[in-house]
Each structure stands twice: as C-alpha cells, then as structure tokens.
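Chemist: Handing you this structure, nothing more for now.
The values are calculated or read from the model by the stated rules, or taken from the named source; none is laboratory data. Worth saying up front: this structure is predicted, and the values here are computed from it rather than measured. Positions of Cβ are generated from backbone atoms using ideal geometry, with glycine treated the same way; all protein chains shown enter the neighbour counts. Remember, those area values only see protein heavy atoms, side chains included, never the ligands or the DNA or RNA. Shrake-Rupley method; radii C 1.70, N 1.55, O 1.52, S 1.80 Å.
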Amino acid sequence: MSKIIGNALPDIPWQEKPEGYRMPVWRYDGNPIIHRDGIPTSNSIFNSAVVPFQDGYAGVFRCDSLGVSMDIFAGFSKDGIHWEINHEAISFEGEDKEILKREYRYDPRVCFIEDRYYITWCNGYHGPTIGLAYTFDFKTFVQLENAFLPYNRNGVLFPKKINGKYAMLSRPSDTGHTPFGDIFYSQSSDLEYWGHHRFVMGAYRGDASAWQATKIGPGPCPIETDEGWLLIYHGVLNTCNGFVYRMGAAILDADEPWKVKYRSKFYILSPQESYELTGDVPNVTFPCAALTDAATGRIAIYYGCADTVTGLAFTTVDELVNWTKKNSL
Ligand code: BMA
C-alpha cells in the first residue's frame, strides 16, 4: 500500500472504478465538466488548474476567447465539479510594469506553498516563458518575475521546499509547436533567481513506449508519497495526423527529484472519448491539476480535452504507483 503525504480532503470529487476496467485512470461519467461556452466570451476552456480553497475549491482556468486570444481566469466551486468562472481575465498587480505587459497567458498550474497559492503559466514575453504570481484569495494576484528566459513551457512548482529551496519542473521549448521536449528541474531561494538546473527525463527514443517519443512535459504539481514524488505528465507522439497527447506517471526521488525511480512504459490515459478525439485540436488529453485525499489515497485529475473542454478523471495512489512500478521503463 502506498501513501499520499498530505492533508485529508474527504470531499474531493470521486467515483469508483468501473468493474473490470483495465486501466489505472478512469473518467468521470459526467465529462466534460466544463464546456467550451462556460463563460459568455469563451471559445474553449481547458488545460486548467484547481486547488482546495476555503470550504470548497478555487481554480485558474485557461479560457481562449471568441477571438482565440489566450488568457487565464479565476473560478470557484463548492464540489470541484460545478464551476463559476469569472467573466473577466485575471488582472495582475506587481512592481515592474515591464513584467505586467500581457502578450498571452495559458496552461496555468496552481500550487499552495506554506501560506499562499502560487500560479505558474506559459507567459508570452518575446516568446513563451514561465510566468509566476501569487494570491491569498483568488481576487488579488501579484505577478513576480518570469522564472526563465524564453523559450519554456509547463512550469510546475513542487508543493514544498526541497532541501530548503523552492523547486520547479519545466520544459524548455521553442517559439512554435515544439517538436522536442524534455523535463528539467530547477531550484530557487527566492522564487526570482532559478538555477541548479538538472535533467529529469526526456522523450523516449525507441519503440517500447512510442506514445512519449516526441516530447514530454510535467502536468499537475507533483504529489508527495512515501515512494517519492508521484508525477503525472503528458507525452506526445507525432503521427501522420499530427501530435497525440497522452498521460503517463513517474516516481521521482523524494530528496533529489531529478532522479527518476520509475517511469511508466504504458500510458495511463489517452484520447479515446469523443470529447478527447474531437475539438479545436483533436487527440489531446492534457493534465494540469490533481486533488488528493491522503486519508483514502484518492486522486482526482483535471485535464484539458482536445484543447476545447475540461475533463475529470480518477485514480488512487496505489493504482498509479503499482502501474508505474510494474510497467516501468
Ligand atoms: C501544447 C500547448 C497546450 C496544448 C497542446 C495541444 O504545445 O500549447 O496548450 O493543449 O499543445 O495543442
């Protein structure tokens, strides 16, 4: 039995695994939970992040507008399934106007560390890089320096300091639809200057695990377990019909998270339902958040579907750890 190290959260969304289901992650039967027209001006709402907040949940949502401009919006929910998303994008405060200039914002992650919620996202600054901000209340958001130089995407914070430093996974990229991508680890004393960059793992070259042969990137904030950090990530295969985005899992060393203990050869979820196969970008399942209940080991994963809507899926720490160990590369 593996254990999540963290808080009990008894009310997270949950459905039992369907009888006889062979995969370690199963979908909510009411998917998608957020439709493309969730706010009046949205073309699509996907690749979004949620956390426990007050007596319910809060989140930061990627809403592309009817002009297909990409921005991030705060939202709230009592049950983690039904969401009220603000109709106006987040407006950031901060000391340096240069950093506050908006080009585009997408694919947010939210991570509670010590006393506040940190938001990271893909931030346009003469190319994509990692934007960083914090909030206490999901009303006022203070933007900090971008974590890295362009080009980078998928900045994902660890929920606690490691060896006394803030820690982040990211995926260096390019200006376009990057045909490569490996996951790196970086650390910082102050959330401004990042260094100690370490290679974690790369796209898998070979036939044994072709679903992650083109590029990979971190998904939700890593989940602390008694086996190490449980990382849910996306893996991409380039096909004659374009990129296909699937989900995988890895277990990283607790103290030196750039050391990979196990990594799933088999994917844990892939585009198979109509809302994952069809949309603005077909064949995409893109995880950005997970709620966990340490008491039961339950995990609820939020993921973007076909760059159009938001889905919810379930697993447990045991299911994912066993699958990852048993089918490890
Ligand atoms: C990635 C990002 C994601 C998107 C995915 C599939 O490069 O842009 O936002 O979901 O491509 O289109």
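Chemist: If the chain between N7 and D96 were fully stretched, how many nm would it gain, using 0.36 nm times the residue separation less the Cα-Cα distance?
Modeler: Length difference between fully extended and current span is 28.5 nm.
Chemist: Hull surface divided by four, with the convex hull built on the Cα atoms of region 1-87: how many nm²?
Modeler: With the hull built on Cα positions only, its mean projection is 7.4 nm².
Chemist: Evaluate Rg over Rh across region 165-272, taking Cα atoms for both radii and Kirkwood's formula for Rh.
Modeler: Reported Rg/Rh (Cα atoms, Kirkwood Rh): 0.98.
Chemist: What dipole magnitude, in Debye to the nearest 20, does the chain give about its Cα centre under +1 on Lys/Arg Cβ and -1 on Asp/Glu Cβ?
Modeler: About 940 debye.
Chemist: Now for a different question. K161 label point, 7 Å along Cα→Cβ, cut-off 17 Å on backbone N: hits in region 240-256?
Modeler: Only 255-256 pass the distance filter.
Chemist: Something else: In the calculated pair distance distribution of the chain, what percentage of Cα-Cα distances lie above 34 Å?
Modeler: Roughly 14 percent, once rounded to a whole number.
Chemist: For D174, list long-range residues whose amide hydrogen, built 1.01 Å from N in the peptide plane, is under 5 Å from its own amide hydrogen.
Modeler: none
Chemist: Just to confirm my numbers, what's the Cα centroid distance between region 6-48 and region 271-292 in Å?
Modeler: Region 6-48 and region 271-292 have Cα centres spaced 10 Å from each other.
Chemist: Oh, and also: Could you check what % of the DSSP bridge pairs in region 26-326 are antiparallel, to the nearest 5?
Modeler: Of the beta bridges lying entirely in region 26-326, close to 95 percent run antiparallel.
Chemist: Right, here's the next one. Would you rank H177, H197 by solvent-accessible area, highest first, keeping every protein chain in place and using a 1.4 Å probe?
Modeler: Result, largest first: H177, H197.
Chemist: Once you list every other residue whose beta carbon is under 12 Å from the beta carbon of P24, what net charge do they have if Lys and Arg are +1 and Asp and Glu are -1?
Modeler: +2
Chemist: Given P220, G164, A208, which one lies farthest toward the positive end of the charge dipole of the chain, if we put +1 on the Cβ of every Lys and Arg and -1 on the Cβ of every Asp and Glu?
Modeler: The residue sitting farthest along the positive end of the dipole is A208.
Chemist: Lysine pairs in region 26-326 with Cα distance under 13 Å, only those 8 or more apart or on different chains: how many are there?
Modeler: For region 26-326, qualifying lysine pairs total 4.
Chemist: Count the net charge of all other residues whose Cβ sits under 10 Å from the Cβ of D280, scoring Lys and Arg as +1 and Asp and Glu as -1.
Modeler: -1
Chemist: Starting from a Cα-only point model with no solvent, please compute log10 I(q)/I(0) by Debye for region 246-329 at q = 0.22 1/Å.
Modeler: -1.07
Chemist: What accessible area per residue, rounded to a whole number of Å², is obtained for the chain using a probe radius of 1.4 Å?
Modeler: The answer is 42 Å² per residue.
Chemist: If we sort 235-247, 143-155 on the protection proxy, mean other Cβ atoms within 10 Å, highest first, what's the order?
Modeler: Highest to lowest by the protection proxy: 143-155, 235-247.
Chemist: Let me ask something else. State the extension gain, in nm to one decimal, for the chain segment bounded by D37 and D182, taking 0.36 nm per residue of separation less the distance between their alpha-carbons.
Modeler: 48.9 nm
Chemist: Where does the chain land at 222 nm, in deg cm²/dmol rounded to the nearest 500, when only DSSP H runs of n ≥ 4 count, each adding -39500 (n - 2.57), divided by all residues?
Modeler: -1000 deg cm²/dmol
Chemist: Next question, about the same structure. Give the long-range amide H neighbours of A74: residues separated by 5 or more places, or on another chain, with amide H under 5 Å away, using H modelled in the peptide plane at 1.01 Å from N.
Modeler: Under 5 Å from the amide H of A74 lie the amide H atoms of F61, N86, I90, each far enough along the sequence or on another chain.
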